[in-house]
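The values are calculated or read from the model by the stated rules, or taken from the named source; none is laboratory data. Values in this document were obtained by computation on a predicted structure and should not be read as measured data. When we count neighbours, we look across all protein chains shown, and the Cβ atoms used for this are built from the backbone with ideal geometry, even at glycine. When the accessible area is computed, the model is the full protein with side chains, heavy atoms only, and any ligands, DNA or RNA have been set aside. Shrake-Rupley method; radii C 1.70, N 1.55, O 1.52, S 1.80 Å.
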Amino acid sequence: MNRRQFLQATTAVLVLCASQAYADPMADAKAVADKYATPVTKWDGPTTGPKAQAGKTIVVLAGDLKNGGILGVSNGVEEAAKAIGWQVKVLDGAGSIGGRTAAFGQAMALQPAGIIIDGFDAVEQGPALEQAKAAKIPLVAWHAGPVIGPDDKNGLFANVSTDAMEVSKAAADWAFVDAKGKPGVIIFTDSTYAIAIAKADKMKQEIERLGGKVLEYVDTPIAETSQRMPQLTTSLLQKYGDSWTHSLAINDLYFDFMGPSLASAGKGGTDAPINVAAGDGSQSAYERIRAGQYQKVTVAEPLNLQGWQLVDELNRAFAGEKWSGYLSPLHVVTSDNIQSDGGPKNTFDPDNGYRDQYKKIWSK
């Protein structure tokens, strides 16, 4: 590179840096939050696929049915299975590795046509995955790892999810705007799950990229929130006081047990710290947002729709076809839009006709 080329390259870098420096973080963040707060009325999923494969019995391995997201997906699977004409058995892993191992053993004993892993990391059950693979039992999953779609490493025909990184970005951007560009954030995650760490890392990265401050990154098991969150909330309030403006969590469940501690500290339902969840849109989260009680936002996933997608993906696997490639929509739920897209039923259930679309594909 000669001197002239060097100067041109240097100038280009300086111009790029200057444009980034003069970018408007508030406008950028608001655009993202507003985009995902709009109603979801258009079907953008598959319109073709195999007809219903008849006479199938499937098993849902639920990571923990106390988790609203996992429960919502299980309910969606049951609804879709009825529509397609299948039998379904739901087994509860009850929030522990041992429980999920036992449930997987039960599933294999039932010799189902297919298995759905609902809400836990597939790698946790490596030996059972190998058994299912050897038995030629197709596996589909919801939130079973950071890979969306086919996961050949873990033997998954498809891992169904929204774009988890967009969920995290939307949550962080909303908090940044709500704090008028000066958030002091505490992030709650669970290192048991690869997807949870990925989401939390993205939230931290986004807050800091915009110019906000992450006060602490808290790793605490989601299965133990009822025992840990009350005292943890009190300790964090004592440590950070009013500098703690917003909480960002990878799941609504963290906020199920913060209210009493916040109330004891004299915090009203809409006072800081403002709680924002990057998933999943549980019933309790909707109720808190509607009542203005210790949560203002959940970035919800269409849990029931995803249950239908899981059944459709299994149907494709049974028919020897490829996965649908569908990435389901996400939704920033606030008190301003909670009456749309299934909100009155305390869930994000898009008004985009997905049930009829899947029935049409299956010729039902």
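Annotations
- Ala272 vs. criteria open to solvent by 30 Å² or more (accessible area, probe 1.4 Å), farther than 19 Å from Leu65 by Cβ and of a type in the set (A, V, I, L, M): yes
- Here region 153-186 is the region considered, the condition is being under 12 Å from the mean Cα position of the chain (by Cα) and of a type in the set (Asp, Glu), and the residue that is farthest from Tyr240 (Cα to Cα) is Asp163.
- Within region 81-133, the set of residues being out of contact with any Asp or Glu (no Cβ under 8 Å at 6 or more places or on another chain) and among the charged types (D, E, K, R) comprises Lys82, Lys89, Asp118, Asp121, Glu124, Glu130, Lys133.
- Strands (runs of 3 or more DSSP E) fully within region 140-234 that include at least 1 residues being open to solvent by 30 Å² or more (accessible area, probe 1.4 Å): 149-151, 156-160, 213-219.
- Identity of the residue in region 54-102, basic (Lys, Arg) and assigned to a helix (DSSP H, G or I), that ends up most open to solvent (accessible area, probe 1.4 Å): Lys82
- Matching residues, region 335-351, being open to solvent by less than 10 Å² (accessible area, probe 1.4 Å) and either in contact with a Gly (Cβ under 9 Å, 6 or more places away or on another chain) or within 21 Å of Ala81 (Cα to Cα) (or both): Phe348, Pro350
- Of the residues examined, Leu262 is not one that is in the same structural domain as Lys182 (by the TED database), modelled with pLDDT under 95 and farther than 23 Å from Lys30 by Cβ.
- Region 228-252 - residue that is of a type in the set (Val, Ile, Thr) and touching a helix residue (DSSP H, G or I) at 6+ places or on another chain (Cβ under 6 Å) and, of those, farthest from Val299 (Cα to Cα): Thr234
- Of all residues making up region 130-139, the number that are open to solvent by 10 Å² or more (accessible area, probe 1.4 Å) and in contact (Cβ under 8 Å) with a residue 12 or more places away in the chain: 6
- Scanning region 203-231 for residues that are under 11 Å from Leu248 (Cα atoms) and within 15 Å of the chain's Cα centre (by Cα) returns a single hit, Met203.
- Pairing each residue of region 101-123 that is on the phi > 0 side of the Ramachandran plot with any residue that is crowded, with 24+ Cβ neighbours inside 10 Å and assigned to a helix (DSSP H, G or I), provided the two are 6+ apart or on different chains, yields C-beta distances under 6 Å for Gly119/Ile70.
- Which numbered condition Leu237 fails, given (1) touching a strand residue (DSSP E or B) at 6+ places or on another chain (Cβ under 8 Å); (2) crowded, with 18+ Cβ neighbours inside 10 Å: (1)
- The one condition in (1) within 20 Å of the chain's Cα centre (by Cα); (2) crowded, with 16+ Cβ neighbours inside 10 Å that Phe318 fails to fulfil: (1)
- Selection from region 103-126 of residues that are surrounded by fewer than 15 Cβ atoms within 10 Å (Cβ to Cβ) and modelled with pLDDT of 95 or more: Gly105, Gln106, Ala109, Leu110, Gln111
- Condition check for Ile197: more than 19 Å from Val73 (Cα to Cα) and in contact with a Phe, Trp or Tyr (Cβ under 8 Å, 6 or more places away or on another chain): no
- Failed item, numbered, when Asp280 is tested on (1) at pLDDT below 95; (2) of a type outside the set (A, V, I, L, M, F, W, C); (3) more than 19 Å from the chain's Cα centre (by Cα): (3)
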